[in-house]
Amino acid sequence: MADDASSSPDARDADPSSSTGSGPLRWMLYGLGGLIGLVLLATVVLPWVFPPERLKRIVVPQVEQAVQRDVTVGSIGLRVLPFPAIRITDYTVANDSSFQASAAFSDNHAIEGDALNIDLALWPLFTGTIEPTTIELIRPVVRYQVAEDGTTNFDSFAATDDAPADTTGEALPIAVSDLRLREARMLYDDRSTGQWAEVGFDGQVRAVPGDATDAIDSNGRIEGITLAYLSAPDADTTSLQNAAIDYNLLANLSAGRIDLRRFEVSTPPVGLTTSGSISNLNSDRPSVDLSIETTDADLAQLAAIVPGGVGEGLAPRGTMNLSVVMKGPLPDSTGSTDGLTLSGEGALSGIGVDVDGTTMLADLGADLSVSLDSIAVNAIEGRLLGKPLSGRLTVREPLAEAPQLDGQLAGAADLAELSSLATEDGGATVDIAGTVDYDLRFVGPATNTDNIRVRGPIRMADVVLPNESLREPLEIDDATVQFTGTGLQADRFALQTGEATMELAFTARRLLPLPEALAETNPALQVSFDFSADTIDLVELMPEEDASAPTYADLFTAQLAGTRVNGRPAEDVAQEVYGDVELPAFRVDGNVSIGTLLNEPQRFDDLAFDVNLRNRRLAVPNLSANTYGGTLAGSIVLDQSAAAASAYVRDRNASVLMAATGAPIAPRHVERLPMPDTPSELSYNFELTGARADAFLRDWTTLGSFVSGTMDFAIDGSSPLTDGFLPVAQALSAGGRSLVADGGFDADFSLPKKLVERLGVSKPSFSRFERFGGPFTIENGELRIGEWSMRNAQVQSSLSGAFGLGGAVDVDLTAEMPLSMLRGSKLSGQTGGILDRLRGKDDAVPVGIAIGGTISDPSFTVDTSALQNALKELLPRGLRRLID
């Protein structure tokens, strides 16, 4: 009964647990149960409604029609839990078949990926509609390829195609609010330029309709960006790691406008924040109104991504920041910037550069200013190699083809530190000391530094520069060199090395640009100088050498005589010392004056000459000096121009003597002499008057001081030169006159000594003279003399013939000997008794003597028949007839 009572309506109404508040909870439970049931139903029904084959028929044809390419998928399926989604694996989009057929690239797909997940709205599935909400691409790869003819594998991508697609009536909606990419890669390969790039990143982008019609409100983040870029086949690769992009924008494409609420790019070197708007996107010249600001850019990190690095051993540091406002229409296809403005400012701070661990630049700061017309770095202050540095730099017309530089730098430097840096960088070791102060302005095109013009002074102080050509270092206490725009100029300043003090002034015109100044043909450089010194001792000036080392005069005379120097051919020795000398082609004009030039044993006082260099032809005119006790005047020309080659071709029949005597000209025979790599011809003319013959002949002949007296000597000649800058003996030609007064032959000189012995006369007869000499020529390896006279109180003689440059002698001597000398000589017995018939007479008769052999071992042949005939002429006519 109790149970029945309790189950009555009244009893239920009295039960607190069955109050009216339990109704909503019950319905909530019912709703939850229904929803769970609906999900379970969808889990069972939806895969049946959308089996894999049907999904393929929906998805693949739609994509193929959209992109006009073959599309494949590995698998495709629909899941409901935990959220409805379509998963596609191993998808590919093929390259254009015509592009593949051209064999421009391999058969790699244009697009491929490991998986594509599409999150779907649940309710539309029950109506048979697929409505994506989120698309996620896992490890997608996009390959953009450019063939050598400029065509790309995406030229026909998504092109119109009238062929119907097998869609079975289903359509794939494309409205997506969320796009995610994981481990995405984009590959770029341009065979027409050699450029190549690879970009990797992860990203999530959200785009939803905005408040206005056709507006899209979008934000997103792309992170983990890596970049590798090759600008040319032989260029270094640009790389970037761990970059990120955050943005928030509102785009209205129909209105042609994008409002950037925030656009941030962050990389390890620098961060960049942009805000503003881009409008008129549908016109030829979109307009911008943007503010761009960078964070402090780390130059060390920037250097790490520069292609090829900033240079081995270079370590930059410091920061840079910049704020820029850009307004107006962007440049059109012609590059016009009309209406566009750009203004910005920033700063450099703590800039420094270390080179192989040595601090080169430190604590540099500067103000930055940017516009379309110029980029300026002002108020530069810092330290270069520990010395103050200041200046400015402006790049004018930075968007032009040839931007112009306009800058100024002032500061100081220690030459030893600069030299050490050059040595560490692989340059030659220069042990230099001293300091320089500079204040230089430079102007010119940034794209061609050769045409930059530099003006301003460089002041050198306490400079000490060792030189391998000098025994002691070269010292400059104080000198100022002025850059003149295209050249250099220095007023007279003092140089010292050892005990020698010199002064130099110079001007170098058209030194810049260097390629034009030093061009192989028609170089632009022009140099003028003035050099003077009180005393220069070449023995003390030059590095100490072996005392037995031959001088150029030793080599010169040995070359002409065909003798050896220290057991070696003179040419071999000369090549080691003077070989590989090549004159420059630029222009030089100078004046040299030296009070005393010593080159033991030679001495030149009041030496002066000019220097003129033109097109590898060096002329030394107006040469004058006091030397060998006399006066020297003349000129020298060393020619290495194209004309010098003709000196190595000679006419063997040509003869100065034959031309002078009017002898018949033989058929022309041309001889070509061996020509060095750098043909050189030496021509000269000298006149030495009042000189000491013994000193001159000691230095310039192999015979030593064989003649004493006062010499007047003149010579005018030329010769092609060997590789060692020695004359070619068989091609040497010269002419001149040599006269010696009040002198005599050395007692040990073989030729007069043996002549006196052969004739049996007193030594002074042929060893002393009041006057000796005459004209001469040098040709074909011979010294030819014509009618030289030798006169003293006893004998008057004349000589003619030739001396070989190697020492051979072929001379005819005619001596006017008095009869008293003949009577006491060895010739008295060769007169046929005629001399005895001339007692009481002391007339002079000619004695003909042919001299042969060599200078050191001469031979003598007396023409006794001519002597007898000459004696007969002194007899009375009747006696002469009787003897006959």
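For the pair Glu582 and Glu148 in one chain, pulling the backbone fully straight at 0.36 nm per residue adds 151.4 nm over the alpha carbon distance. A straight Cα-to-Cα reach below 22 Å connects Lys753 with the lysines Lys763, Lys826, residues fewer than 8 places away in its own chain not being considered.
By its C-alpha gyration tensor, with a ≥ b ≥ c as the square roots of the eigenvalues, how is the range 568-618 shaped: rounded for a/c under 1.5, else prolate for a/b larger than b/c, else oblate? It is oblate, given that a/c is not under 1.5 and a/b is not larger than b/c.
Computed over neighbours whose Cβ is under 15 Å from that of Thr152, the net charge equals -3, Lys and Arg +1, Asp and Glu -1.
In the range 670-826, the portion of solvent-accessible area held by carbon and sulfur atoms comes to 49 percent [1.4 Å probe, whole percent, DNA, RNA and ligands not counted].
Estimated at the nearest 10 Å², the accessible area of Phe529 is 50 Å² with a 1.4 Å probe. Mind running the shape call on the range 497-576? Use the C-alpha gyration tensor, a ≥ b ≥ c as the square roots of the eigenvalues: rounded below 1.5 for a/c, prolate if a/b tops b/c, oblate otherwise. Since a/c reaches 1.5 but b/c is at least a/b, the shape of the range 497-576 is classed as oblate. Surface analysis of the range 525-596 yields an accessible area of 54 Å² per residue, using protein heavy atoms and a 1.4 Å probe. Grab the other residues whose beta carbon is less than 9 angstrom from that of Ile111, score K and R as +1, D and E as -1, and report the net. Taking every Cβ under 9 Å from that of Ile111, the sum is +1. Could you tell me what percent of the accessible area of the range 473-559 is made up of carbon and sulfur, with a 1.4 Å probe and every protein chain present? C and S fraction of accessible area: 51 percent. Given the range 511-625 reduced to its alpha-carbon atoms as identical point scatterers, what log10 I(q)/I(0) does the Debye formula return at q = 0.17 Å⁻¹? Each listed q maps to, in turn, -1.08. The smallest convex shape that holds all Cα atoms of the range 713-854, its convex hull, gives 111 Å³ per residue. If you plug the beta carbon distance of Ser277 and Ser593 into 1/(1 + (r/R0)^6) with R0 = 60 Å, you get a FRET efficiency near 0.20.
Per residue, the solvent-accessible area of the range 384-524 (1.4 Å probe, heavy atoms of protein chains only, all protein chains present) comes to 55 Å². Ligands, DNA and RNA excluded, the heavy atoms of Tyr144 present near 90 Å² of accessible surface to a 1.4 Å solvent probe. Which of the three applies to the range 482-543, rounded, prolate or oblate, going by the alpha-carbon gyration tensor with a ≥ b ≥ c and a/c under 1.5 meaning rounded? Here the range 482-543 falls in the prolate category.
The values are calculated or read from the model by the stated rules, or taken from the named source; none is laboratory data. Computed from a prediction, not measured in an experiment: that's the story for all the values here. Neighbour counts are summed over all protein chains in view; Cβ atoms, including those assigned to glycine, are modelled from backbone coordinates with ideal geometry. Side chains are part of the model used for accessible areas, which takes the heavy atoms of the whole protein and leaves out ligands, DNA and RNA. Shrake-Rupley method; radii C 1.70, N 1.55, O 1.52, S 1.80 Å.
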